[in-house]
Ligand code: MG
């Protein structure tokens, strides 16, 4: 779960916060040189990604400080969500040159932070790190057979099993590291090092950090300035560790924070006021959509193992009430397929109109009756076809107030249709354990997010086999061999082949018919800016940049890096 602040307090309280809200800046008012002595008009203050003291700059292991990948280390390609296309980055180009061969040409003129040249050997070395079991992309070597440097600019990849979709995803999600530094480390060091002196190819270098912040400094030169006419504008980036909602809102209002990627309930009211605060859209849903929140039934337990029951449940949910009442329209209702707005063109509209669901209590009731779920004992709730009572718990973490409110809406909607669902709020650690181990009835989850391909969504939904512990996919523990076969087929199909769309359509039909997970709403790419120091932020305005306005991990390589090039300092 990204960009979340658990504490929700009244907007007016936040507005009344005073200038001393930022820990570590001694309560000083904004001065020409801000906290730490960085000139304010050359410094970008951000927040919304880091949740504890900065502790790791290791680009091989996810979860490092924001910008470790993106600002310091870089990827071979970027993914452009506006075009659903890959943009060459450290790679000059990459193409399939044989049935099972992908040839990658590296960009010339790229150097590491220590002045050494970036080489094809760095690329080969980084991919081969995946041969270490503890490296998150070790799975790559179950379908990649070899990586071979055929000349100083070229790496030839030969696959045992060609997975086009997964490969593209790999190419923009994983940072390349310098062989001359990392090859001096042991396998254990590679996966555990905090890498406190990171050396990358990116536009920034690590400057310093404290318990509450990370600071980056722009490098004297960056390859993309010459190669792509790109120049990042802030000399310094100070990323503040999230503390509370009041602090984030207070800093933003005072102009001590330029970009907040927190969920800030009530921000819609500030956008309408004269606080210099803006969101991507000036009206609902205010934010771009980042991921889809879904109701996850545990399909290994009755009655959640019955598709007819799950479909009836879907019809009992008043999502509009959640979107408007809980979120004040900061999110939007999900498409029944769960496919994000960036994947709109892939949605099979005919399947949605035939098989989709909408809020309709009467229909939910009649669907339950038709499937044998009736109130046999007159307590107002249906029993299972075999007569056993149904009482289900629906869980979200305590303190996630928006989700807590949302599941109250879902539970009361279900109860109105005759399904006895009770909302419960375990702490987030207990919930994670329950989700991983499959010890739950129903929960809300939004693991998947926008990517280069809907394959990531269906891989999340249908991945088999179901293991004792499920860490990042198929939390509903749904077993459907033909759906999983289609997901694998999808990964092996190039996007431009007609079969890509027909396979996607089949997956949508299975999902809509079976509803192993019920799409509810699209979470926002939480992003609010104060434009009193920096302007030209991404927005929906016709002449504004359209890149993703976020500092979240993995989003720099989804194009957020361009935001730093588009920014303009406000002239004094
Ligand atoms: Mg009953």
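Annotations for the structure displayed:
- Reducing segment 388-453 and segment 509-572 to their Cα centroids gives an inter-centroid distance of 27 Å.
- Span from the segment 372-386 Cα centroid across to the segment 81-150 one, whole angstrom: 58
- Ordering of 43-49, 189-195, 440-446 by packing [mean C-beta count within 10 Å, highest first]: 43-49, 440-446, 189-195
- Degrees separating the helix 361-370 axis from the principal Cα axis of the chain, which is the longest one: 60
- At R0 = 51 Å, FRET efficiency that the Cβ-Cβ distance of residue 133 and residue 274 yields, to 0.05: 0.35
- Length gained when the stretch residue 389-residue 479 is fully extended (0.36 nm per residue, less Cα-Cα span): 29.9 nm
- The chain - mean residue ellipticity at 222 nm from DSSP helices (-39,500 (n - 2.57) per run, n ≥ 4, rounded to 500): -7500 deg cm²/dmol
- With respect to the chain, whose longest principal axis is taken over its alpha-carbon atoms, helix 481-491 is tilted by about 20°.
- Label-point separation in nm, residue 502 to residue 116, each point 7 Å along Cα→Cβ: 5.0
- Stretched out straight at 0.36 nm per residue, the stretch from residue 142 to residue 301 would grow longer than its current Cα-Cα span by 54.0 nm.
- Proxy reagent accessibility, fewest Cβ within 10 Å first, across 173, 74, 499: 499, 173, 74
- Estimated inter-spin distance, residue 361 and residue 379, nm [label 7 Å along Cα→Cβ]: 2.1
- Residues residue 82 and residue 471, FRET efficiency given R0 of 30 Å [Cβ-Cβ distance, rounded to 0.05]: 0.45
- Zone residues, segment 50-74, relative to residue 184, backbone N less than 18 Å from point 7 Å out along Cα-to-Cβ: 57-59
- Computed over the chain: relative contact order in percent, which uses C-alpha pairs under 8 Å that are six or more apart: 21
- Stretch gain in nm, segment residue 489-residue 345, where the contour uses 0.36 nm per residue and the Cα spacing is subtracted: 49.9 nm
- Prolate/oblate/rounded call for segment 429-506, Cα gyration tensor, a/c under 1.5 rounded: prolate
- Fraction of C-alpha pairs exceeding 16 angstrom in segment 334-403: 68 percent, rounded to a whole number.
- Principal-axis analysis of the Cα atoms of the chain puts helix 498-514 at an angle of about 40° to the longest axis.
- Residues 221, 393 arranged by fewest to most Cβ contacts within 10 Å: 221, 393
Bear in mind that the values in this text are calculations on the coordinates, not laboratory data. Since the model is a prediction, treat every value here as computed from it, not as a measurement. Because the Cβ atoms are built from the backbone with ideal geometry, glycine has one as well, and the counts that use them run over all protein chains shown.
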